[in-house]
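The values are calculated or read from the model by the stated rules, or taken from the named source; none is laboratory data. It should be emphasised that the depicted structure is a prediction, and the values quoted were computed from it without experimental measurement. Don't worry about glycine lacking a Cβ; one is built from the backbone with ideal geometry, like all the others, and counts go over all protein chains shown.
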Amino acid sequence: MQRDHRTKDIELVKRVVSDNSSQAIKELMMLYTPMVKKLANLYYIRNFNQADWLQEAFIVCHETCFRFHSSQGSQFGSFFKLRLKNHYLSLVRHELAIKRKADREACSFDHVTYYDQYVKHAGTRQSSITIDSTIDLIGFCETLSYLEFKVFLMLLGEINVEEVCQKTHATKDQIFYAKNRCRQKLLEYIN
């Protein structure tokens, strides 16, 4: 079974290299889709969906076909997995680069509009929690990042953790840290 799988891999790779066969690359990707999805689930890039990860995998698979040499004794699947993992890590590294911090924290116009409307509304709304009247709630909310603002709404009981995760694409750890930052900012704002 293992030998048949390896023989089929080599045959498909040869077809990709010699004929640039799109059918062969599709068949290779069908064989390795579970591995691709498993690797993709390990990483997060803002605004990347499953189709984006698969597209990147197609590109890497195509490049891997041209770099793979069966005569060196390695298996195509292992080589593809290694190259794909390295490619995904490069994408994540690129996303996390300091100079792209503004891109990472940017949000869509719809979110900004909702955020502005909610902040303006929050200043006039009666809340179930009691806050000293000397606090400028609108001014405080304007100091928060989008994630921190959503966490602040969560702390007020307006939304739950799942909604924050869904709207901000943040992990629960990121929400935990944002909650601490939010509390710290509130304490600093009050003082």
If only one of 30, 35 is loosely packed, with under 15 Cβ neighbours inside 10 Å, in the same structural domain as residue 75 (by TED's automatic domain parsing), of a type outside the set (Lys, Arg) and at negative phi, which one is it?
30
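Here is a yes/no grid of residues against (1) assigned to a helix (DSSP H, G or I); (2) within 21 Å of residue 71 (Cα to Cα); (3) touching a residue at least 40 places away in the same chain (Cβ under 8 Å):
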| position | (1), (2), (3) |
| --- | --- |
| 6 | yes, yes, yes |
| 10 | yes, yes, yes |
| 13 | yes, yes, yes |
| 18 | yes, yes, no |
| 23 | yes, no, no |
| 27 | yes, no, no |
| 32 | yes, no, yes |
| 38 | yes, no, no |
| 44 | no, no, yes |
Only one residue in 68, 80 is out of contact with any Cys (no Cβ under 7 Å at 6 or more places or on another chain) and of a type in the set (Phe, Trp, Tyr). Which one?
68
What do you reckon, is residue 141 at pLDDT 85 or above, more than 25 Å from residue 43 (Cβ to Cβ), part of a helix (DSSP H, G or I) and in contact with a Phe, Trp or Tyr (Cβ under 8 Å, 6 or more places away or on another chain)?
no
